[in-house]
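Novice: This is the structure I have questions about; it appears just below.
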Amino acid sequence: MFINFWYPAIESSDLGDEPRQVTMLGCDFVLFRDTDGQAHCLANTCVHRGGSLGHGQVKDGCIQCPYHGWQYDGDGHCRRIPSIGCDGKIPPRAKVDSYPVEERYGLVFAFLGDLPEEERPPIQTITEWDQDDWRSTMVGWEFNANMQRAVENSLDPAHNEFVHPTHGFQGERENYRVPDMEIVEEELGAYFRIMMYSPAGEKGTLKEFKREEGSIEAYSGHRGPNQLWNRLHLTNEYWLHQYQFSVPVDTERTRFWHINMRNSWLAPDADGRMDKRNRATVDQDQVVLTQLRPVVPPSGTAQELLMPSDEPVLNYRRYLAGWETKGWRIDVERMREMQKTAAVTIPSPDRRETGNWVLNTVPLVPPPERPAEPTPASSTQ
């Protein structure tokens, strides 16, 4: 799990007058709206006696702790302590971490880290979002699987044949092999392009879109550790562009939202059909992902026998190694030990400007002197 990236916390429509407690990166947060409707994300633990702010209420634009009524504004500063009266002086340490928030694409994103604004990796852009000739649907899940495993699954072209019945022939053809890929590396991630064969057109599911010989032009890539995008060009004219935004609840649970953009079937009554298809695909992935061992991918390649088709996964791991070099990976084992006796949270940008904090921050893995690179895939391994 990594700090210093934007993570989807909740759907905008689910954040109303009541606060919501959300667990992300193994820590608890509270989300609420102020009197202007602006969304805010704070560390969930009241610095008084450990009350859960997410189980409190919103009063006068602040989140009020249910234990002793302390009130925190959207910047995380305590504005009222009932026990000291109206004239009491609020201590400077009466504050909790506040995280930058942006609302896009029907989601509330929180930047969980301490980077200044100009250094923050961006939320990936859905370029088709405001275009009239595209229509969107969104579905969300939470399931018991490690987020890295889930992302690597989406970057794995070889699993389609066996996990998704409509995507291939389960390797039964004598001449079956994963087609050659074009891989492109960018600043925050890499993507691959591949031509896949889908027999679904023969069954009628994609009949109206079937290319010559049933081939589909597919692109899959990631931006940061938790943002994915796919492009499925069913024909030269009919396209599906998909975007996924994930957040690790902890090392064994993942919550994510899948936004499907389509330039066909634009009538609203087709939304249910698209959602049903997307849900079926994710449910098929979920069955496999929840059974993978170890739950967290191994740190090296000695426990895996990798093939050339695993190159996109190896590329993703190289990017993760680079962010670990920056000191952004959470030391999960140490964090769990700390949480037995202390409240810990993700460091916020204000930590770079001020001191005198009550809550502890999560421990981070020290940057390695020489980050190890995964072994290149080889068909002779």
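Novice: Which numbered condition trips up residue 184, out of (1) at pLDDT below 95; (2) farther than 23 Å from residue 256 by Cα; (3) not polar (S, T, N, Q)?
Specialist: Condition not satisfied by residue 184: (1).
Novice: Output the residue which, of all residues in the range 282-311 that are within 18 Å of the chain's Cα centre (by Cα) and of a type outside the set (D, E, K, R), is modelled with the lowest pLDDT.
Specialist: My answer is 282.
Novice: A follow-up question, please. For the range 165-180, does any single residue satisfy the condition of being at pLDDT below 70, open to solvent by less than 40 Å² (accessible area, probe 1.4 Å) and farther than 25 Å from residue 315 by Cβ?
Specialist: No; the residues of the range 165-180 include none that is at pLDDT below 70, open to solvent by less than 40 Å² (accessible area, probe 1.4 Å) and farther than 25 Å from residue 315 by Cβ.
Novice: If you don't mind, another one. Among the residues of the range 32-44, is there at least one that is of a type in the set (Ser, Thr, Tyr), more than 26 Å from residue 83 (Cα to Cα), out of contact with any helix residue (DSSP H, G or I) (no Cβ under 8 Å at 6 or more places or on another chain) and surrounded by fewer than 19 Cβ atoms within 10 Å (Cβ to Cβ)?
Specialist: Going residue by residue through the range 32-44, those that are of a type in the set (Ser, Thr, Tyr) are 35.
Cutting the leftovers down to more than 26 Å from residue 83 (Cα to Cα) gives us none.
No, the range 32-44 contains no residue that is of a type in the set (Ser, Thr, Tyr), more than 26 Å from residue 83 (Cα to Cα), out of contact with any helix residue (DSSP H, G or I) (no Cβ under 8 Å at 6 or more places or on another chain) and surrounded by fewer than 19 Cβ atoms within 10 Å (Cβ to Cβ).
Novice: Of the residues in the range 80-119, how many are open to solvent by 50 Å² or more (accessible area, probe 1.4 Å) and either at pLDDT below 95 or within 20 Å of the chain's Cα centre (by Cα) (or both)?
Specialist: 7
Novice: What residue, of 358, 332, 313, is in contact (Cβ under 8 Å) with a residue 60 or more places away in the chain, β-branched (Val, Ile, Thr) and open to solvent by 40 Å² or more (accessible area, probe 1.4 Å)?
Specialist: From the options 358, 332, 313, the qualifying one is 358.
Novice: Condition first: among the aliphatic types (A, V, I, L, M) and not in a loop (DSSP other than H, G, I, E, B). Now tell me which residues in the range 118-154 satisfy that.
Specialist: Within the range 118-154, 138, 139, 147, 150, 151 qualify.
Novice: When the range 120-136 is examined, which residues are found to be open to solvent by 20 Å² or more (accessible area, probe 1.4 Å) and closer than 26 Å to residue 273 by Cβ? Give the derivation first.
Specialist: Restricting attention to the range 120-136, the residues satisfying the condition of being open to solvent by 20 Å² or more (accessible area, probe 1.4 Å) are 120, 122, 125, 127, 129-136.
Answer for the range 120-136, where residues must be open to solvent by 20 Å² or more (accessible area, probe 1.4 Å) and closer than 26 Å to residue 273 by Cβ: 127, 129, 130, 131, 132, 133, 134, 135, 136.
Novice: On to the next question. State which residue is farthest from the chain's Cα centre (by Cα) when the search covers only the range 269-279 and only residues that are more than 18 Å from residue 230 (Cβ to Cβ) and open to solvent by less than 40 Å² (accessible area, probe 1.4 Å).
Specialist: For the range 269-279, the residue satisfying everything is 270.
Novice: Could I ask something else about it? Quickly run through the range 210-233 and pick out the residues that are open to solvent by less than 10 Å² (accessible area, probe 1.4 Å) and at pLDDT below 95.
Specialist: Scanning the range 210-233 gives 214, 218.
Novice: Only one of these conditions is not met by residue 282: (1) exposed (fewer than 15 other Cβ atoms within 10 Å of the Cβ); (2) in contact with a strand residue (DSSP E or B) (Cβ under 9 Å, 6 or more places away or on another chain); (3) within 12 Å of residue 145 (Cβ to Cβ). Which number is it?
Specialist: (1)
Novice: Before we move on, is residue 266 surrounded by 14 or more Cβ atoms within 10 Å (Cβ to Cβ), touching a Lys or Arg at 6+ places or on another chain (Cβ under 7 Å) and either in contact (Cβ under 8 Å) with a residue 12 or more places away in the chain or aromatic (Phe, Trp, Tyr) (or both)?
Specialist: Against the criterion (surrounded by 14 or more Cβ atoms within 10 Å (Cβ to Cβ), touching a Lys or Arg at 6+ places or on another chain (Cβ under 7 Å) and either in contact (Cβ under 8 Å) with a residue 12 or more places away in the chain or aromatic (Phe, Trp, Tyr) (or both)), residue 266 does not qualify.
Novice: Can you name every residue in the range 33-59 that is in a loop (DSSP other than H, G, I, E, B) and either β-branched (Val, Ile, Thr) or more than 14 Å from residue 79 (Cβ to Cβ) (or both)?
Specialist: 35, 36, 37, 38, 44, 47, 49, 50, 51
Novice: Search the range 234-263 for residues being more than 27 Å from residue 179 (Cα to Cα) and assigned to a loop (DSSP other than H, G, I, E, B), and hand back the single one that is most open to solvent (accessible area, probe 1.4 Å).
Specialist: Of everything passing the filter in the range 234-263, 252 is most open to solvent (accessible area, probe 1.4 Å).
The values are calculated or read from the model by the stated rules, or taken from the named source; none is laboratory data. Here the structure is a predicted model, which means the values were calculated and not measured. Quick reminder, even Gly has a Cβ in these numbers, built from the backbone with ideal geometry, and neighbours come from all protein chains shown. Each accessible area value is taken on the protein alone, full model and side chains, heavy atoms only, with ligands, DNA and RNA left out. Shrake-Rupley method; radii C 1.70, N 1.55, O 1.52, S 1.80 Å.
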